[in-house]
1. Quick one: count up the residues across the stretch 104-150 that are touching a Phe, Trp or Tyr at 6+ places or on another chain (Cβ under 7 Å) and over 24 Å from residue 91 (Cα atoms).
2. Which one is nearest to residue 27 (Cα to Cα) among residues in the stretch 222-279 that are aromatic (Phe, Trp, Tyr) and without any contact (Cβ under 8 Å) to a residue 60 or more places away in the chain?
3. Would you mention how many residues in the stretch 217-270 are over 25 Å from residue 187 (Cβ atoms) and either in contact with a helix residue (DSSP H, G or I) (Cβ under 8 Å, 6 or more places away or on another chain) or in the same structural domain as residue 35 (by TED's automatic domain parsing) (or both)?
4. Could you check, for the stretch 207-230, whether at least one of its residues is among the aromatic types (Phe, Trp, Tyr), within 16 Å of the chain's Cα centre (by Cα) and in a helix (DSSP H, G or I)?
5. So which of 70, 49 ends up being in a helix (DSSP H, G or I), at pLDDT below 90, at negative phi and buried (at least 18 other Cβ atoms within 10 Å of the Cβ)?
6. Counting only residues that are assigned to a helix (DSSP H, G or I) and modelled with pLDDT under 95, which one in the stretch 145-161 is farthest from the chain's Cα centre (by Cα)?
7. Looking at the stretch 68-84 only, could you name the residues that are touching a Leu at 6+ places or on another chain (Cβ under 8 Å) and in contact (Cβ under 8 Å) with a residue 40 or more places away in the chain?
8. So residue 11 passes all but one of these: (1) surrounded by fewer than 20 Cβ atoms within 10 Å (Cβ to Cβ); (2) over 24 Å from residue 119 (Cβ atoms); (3) at pLDDT below 75. Which condition number does it fail?
Amino acid sequence: MLEERQKSGHTQTAENGLLEAVLILFTLNCSLSAYGSWTSQLHAAHRVLTTFDKSGGKRTPRVEAQISMLIWWDVTLALTTRKGCVLPHTYHSNLHYQTPDNEKAFYNVSGCPEELFGYMTRLAMYAREFELATTMTCVTFDTGPVLSVEQAIKNWRAPAYSDCVDIETLENEGSQNVDQQEIEEALNYKQDLHHCAEAWRYALLLYIERVFKWDRKSTSLPVLGLLARKALNHVSSCRRGTMLQKQLLLPTFLAGCETTNSELREQAKQYCEWWNDKTRYDMFLTAAALLEEVWAKYGSGSWWGSIMDEKCQPGAHGYTQNQYLLG
């Protein structure tokens, strides 16, 4: 039905529901498995968006929110496939000009601060170029831009995601007629925001070490285990009741792949199982099974990237048919 409506050209307004249909199908497939034809679905979404823009469709807040969700899936997929994004860069760059309401809506679906997401987008682009360079004899990848992003991530700080607390203000409020439970909840939520952001920050640093800096002919570096522990510590410190922790599947997976510690591996596995039971999203179970496979092959020269590549099947039109989506 979706394909028929696309071919008929019925994409004059957002109300026709084509974009919404793409989102519904995407979400439904995510609930069934993390393994699917995500690139094909993003290409379908891009066709809908292109026709919508050409017809002069209005970018309502609802449409912007739907596009943001597609961009999130596009970038998180590009990180693990290292094949680049499907949607044009103009869609990604437009996220930097969002209204505060749209920015908050994007955070609610991603759990990733906007500035860190900008770095993530650049890493996804560089990963594609890096993988291409490894297949060429006379090309050397310039690590300068990657190292620049790495330094920016290391130095990243934002007041909204800080764990600093003004004790004096708290004491003054405590002596007044202020609801103590509300104050405590606000403080706990601020801590959740901090731990969620830090989980993403360390996961991106871990990604840089594994994808760009590790010599794939040598053994893994000890720093991978350290960064993995830091990421998983922040994941576990984020309360499950706020639903923020639910957004940390990709950091949990990346960190879980790199740790050899049995307790930390169990923590990553339990995260996937708990959120699968909570949400009935089999995406979490797929991630848990993939973690088990990575651990089984650990030390054999394999890593999460090579294992994912083996399990992706080439399809028509020159792009991979099936991939893992962990965002």
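The values are calculated or read from the model by the stated rules, or taken from the named source; none is laboratory data. Computed from a predicted structure; not experimentally measured. All Cβ positions, glycine included, derive from the backbone under ideal geometry; neighbour counts span all protein chains shown.
1. Total meeting the criteria: 3.
2. Ranking the qualifying residues of the stretch 222-279, first place goes to 275.
3. The total comes to 23.
4. There is at least one residue in the stretch 207-230 that is among the aromatic types (Phe, Trp, Tyr), within 16 Å of the chain's Cα centre (by Cα) and in a helix (DSSP H, G or I).
5. Testing whether each residue is in a helix (DSSP H, G or I), at pLDDT below 90, at negative phi and buried (at least 18 other Cβ atoms within 10 Å of the Cβ) leaves just 49.
6. 159
7. Those that are touching a Leu at 6+ places or on another chain (Cβ under 8 Å) and in contact (Cβ under 8 Å) with a residue 40 or more places away in the chain: 68, 69, 70, 73, 76, 77, 79, 80.
8. The one condition residue 11 does not meet is (1).
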